[in-house]
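Right, one structure below, let's go through it.
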Amino acid sequence: MTDYYQQHGQDYFEETVGFDPAPFLSIFSRRLPAGARVLDVGCGSGRDLLWLKTRGFDPIGFERASGLAELAAGHSGCHVITGDFDCFDFASIFVDAVMLCGSLVHVPHHRFAAVLKRLLTALGAPGGNPTGGWVYLSMKRGQGRQTDRRGRVFYYWQPEALEDTLAGCGLTVVDRQQSPSADGAGKTWMGYVMRAAGFGLSA
């Protein structure tokens, strides 16, 4: 599973680059300050980077698979960092918002909170960024874990358990939605717009 996106980056790019992210990113983008710097963790094809860029934001990507990172940068025209979120120093990046569109679906339940807290350090200290602290997260709804035909392991969440975990990470849910998977696989995605503790809330 850990090598799938590196070995099949071109296939993944072609499968996902054409999906319209507006149905889920619109609820996030309307919360962001003009020109917000957004870190898209697990940016994949760069589709969402381009969407944000064309709307006046300043997105940067983060992608573990080097080949996919190159494709994302070429497609979006944005800077894309190649790295592993288990060891990268996110505190070295100062952004207004962190976007996690399906990027944590392969993280086991017992590691989820620790990984998320590490990623949130990219937001910096609350007092130094009064308009920042925004987070978007999407995860698959369901029970347990499942390995797909490509060998990728997905971890599913129930809304109550996920929202309890998010609260424990210092996140307040501002908007939430559920939507069917765009690939027609019959799965349900849960999307959350959140504000990190100490950054304040916007109506």
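Stokes-Einstein diffusion coefficient for segment 115-179 at 25 °C in a medium of 0.890 mPa s, Rh from the Kirkwood formula over Cα pairs: what value in µm²/s? In µm²/s, the coefficient rounds to 176. Compactness ratio for segment 70-143: Cα radius of gyration over 2.2 N^0.38 Å (N = residue count) comes to 1.20.
Helices in the chain, meaning DSSP H runs of at least 4 residues, each add -39500 (n - 2.57). Divided by all residues, the mean residue ellipticity at 222 nm is -8000 deg cm²/dmol. The simple spin-label model puts a point 7 Å past each Cα toward its Cβ; for SER181 and ASP84 those points are separated by 2.7 nm.
Straight-line cross-link partners of LYS53 among the lysines, defined as a Cα under 27 Å from its Cα and at least 8 positions apart when in the same chain: LYS117, LYS140.
Rg over Rh for the chain works out to 0.93, using Cα positions for both radii and the Kirkwood form for Rh.
Bear in mind these aren't lab numbers, they're just calculated from the coordinates by the rules spelled out. Small disclaimer: the values here were computed from a predicted structure and weren't measured. Neighbour counts run over all protein chains shown; Cβ positions are idealised from the backbone, glycine included.
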